[in-house]
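The values are calculated or read from the model by the stated rules, or taken from the named source; none is laboratory data. These numbers come from a predicted model, not from an experiment. Neighbour counts run over all protein chains shown; Cβ positions are idealised from the backbone, glycine included.
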Amino acid sequence: MSAEVPPSPAKDRPAARCPACDTERMGRFCHKCGQDNRHERLRTRDVLSKWTHVVTDANSTIWTTLRRLTVAPGAFVREYVEGKRSGRFPPFRYLLLTTAASIALTALIVPTLIPPMDMTAPNAGNQREATEFMMRWMSAIVILSLPVSALATRLLFWKSGRNFAENCALMAYLYAHTNVLTLLLAPIAHADYWSWQISLVVAQFLYVTWGLKGFFGGSLVGVTLRSIALTIVYFGCISVLAIGVVAAFTIAGQLG
């Protein structure tokens, strides 16, 4: 008897059923899950093609998003929430991307930016560690305040009819682009720490006010007053988180 020869792996022969969801094939793309079933085996050129597509598509959408959020943030976000989402980098992915870039930058410059502290004071070491933590991870901490800020804009601009999810998308885009401002103003940090901080606060306030005006409309005075209220809510939320961080480091230092 001749030895049984195992079947050779399929090359370009399409599967009768979709390997992903086991649905009977009716064409190149599965009508249920959308998988491309042209080839069963993964090929090098398929990987290269996918990688090229991801890189070029991301580059195209992110540059469009950067440009539009710079010149007309309110109109850009309004178009996004109203359904024009093709060719735009998603808000929460954009927020994560710019947050990662901001954290990477601050990780390099934070040790040189911390103002001098009296290390003989009680818990001075813990306070320095907490300060360094807050400065390094501020961009990530801002993400935690996003739902609170979105709720605030929902209430402050109640008559606009925008729901909570739309306000979340708005604040995600605006907060993400303030990370870009942080990157652009970073050179000032080495010249003077407090000038950098003041420049950031002013630039972020003006940018967010501009974005709110373009998104919600209304008079400049009314939007500015609401933006001031939003800023108070924002810094209140950040202060609560900061107090929590300092308390955590203090308790950890005492336990240690």
So, of the residues in region 217-229 that are within 23 Å of Arg68 (Cα to Cα) and out of contact with any Phe, Trp or Tyr (no Cβ under 9 Å at 6 or more places or on another chain), which turns out to be surrounded by the most Cβ atoms within 10 Å (Cβ to Cβ)?
-> Thr224
Does region 49-64 contain any residue that is surrounded by 19 or more Cβ atoms within 10 Å (Cβ to Cβ) and modelled with pLDDT of 85 or more?
-> no
